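A short write-up of the structure that comes next.
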Amino acid sequence: MRKIPAPQVLPETQAYWSAADEGRLLVKRCNSCGQFHHYPRDICPHCLSSDTVWQDALGTGSVYSFSTMGQGDAAYTLAFVTLDEGVTLMTNLVDCDPAQVRIGDPVRVLFKPSQGGHAVPMFTPA
C-alpha cells in the first residue's frame, strides 16, 4: 500500500483537516454570493468577499477526469471529482480497479490516514 504523506496544515485550513479526522468533508461557502469553493481559503474566489463559512459536504459526486500512473502495485489514480455541491477538487481514486473507472462515474468520499498527520479525503466508486 502506498504511504500518504501528511498534509501541510495552514491556520486557514485547520478546520478542514480537523473535520477530515472526524470523517467529515468540508467545503467553503460564501455568504455574499452563495457560491461554494475549494481549495479552502478565507476569501471567496468568485466575489472576493471575506464572508465565508465552512459547510459539511455530502461527500458524493462524479468523476470529471482522471489519469492512472504507474503499473501493478505501484499504480495510482489521480482524479478531478465534481462534488454534488458543484465544486471540483483534485483527489485520488482508491479501492477500485482503474481500468473500470469512467468519466461521470458516481463516487463517494472516504478518509485515509497519512503518515503522522491528518486523515486525507479520497474517493472511491459509489
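The values are calculated or read from the model by the stated rules, or taken from the named source; none is laboratory data. All values reported here derive from a predicted model rather than from experimental measurement. Positions of Cβ are backbone-derived with ideal geometry, glycine not excepted, and every protein chain shown enters the neighbour counts. What goes into the accessible areas is simple: the full protein's heavy atoms, side chains included, and nothing from ligands, DNA or RNA. Shrake-Rupley method; radii C 1.70, N 1.55, O 1.52, S 1.80 Å.
Whether a residue is acidic (Asp, Glu) and more than 24 Å from Gln14 (Cα to Cα) was assessed, and Asp42 does not pass this test.
Of all residues in region 80-126, those satisfying the criterion of being under 18 Å from Gly70 (Cβ atoms) and either part of a loop (DSSP other than H, G, I, E, B) or touching a residue at least 40 places away in the same chain (Cβ under 8 Å) (or both) are Val94, Asp95, Cys96, Asp97, Val101, Lys112. Among the residues of region 89-112, the ones that are in contact with a Phe, Trp or Tyr (Cβ under 8 Å, 6 or more places away or on another chain), within 17 Å of Leu26 (Cβ to Cβ) and either open to solvent by less than 60 Å² (accessible area, probe 1.4 Å) or modelled with pLDDT under 95 (or both) come to 4 in all.
Listed by first and then second residue, the pairs with beta-carbon distance under 6 Å, at least 6 apart or on different chains, first residue in region 17-44 and free of Cβ contacts under 8 Å to residues at least 60 places away in the same chain, second open to solvent by less than 20 Å² (accessible area, probe 1.4 Å) and aromatic (Phe, Trp, Tyr), are Leu26/Tyr16; Pro40/Tyr16.
The residues of region 8-57 that are part of a loop (DSSP other than H, G, I, E, B), modelled with pLDDT of 95 or more and within 15 Å of the chain's Cα centre (by Cα), listed by number, are Glu22, Gly23, Arg24, Leu25, Ala57.
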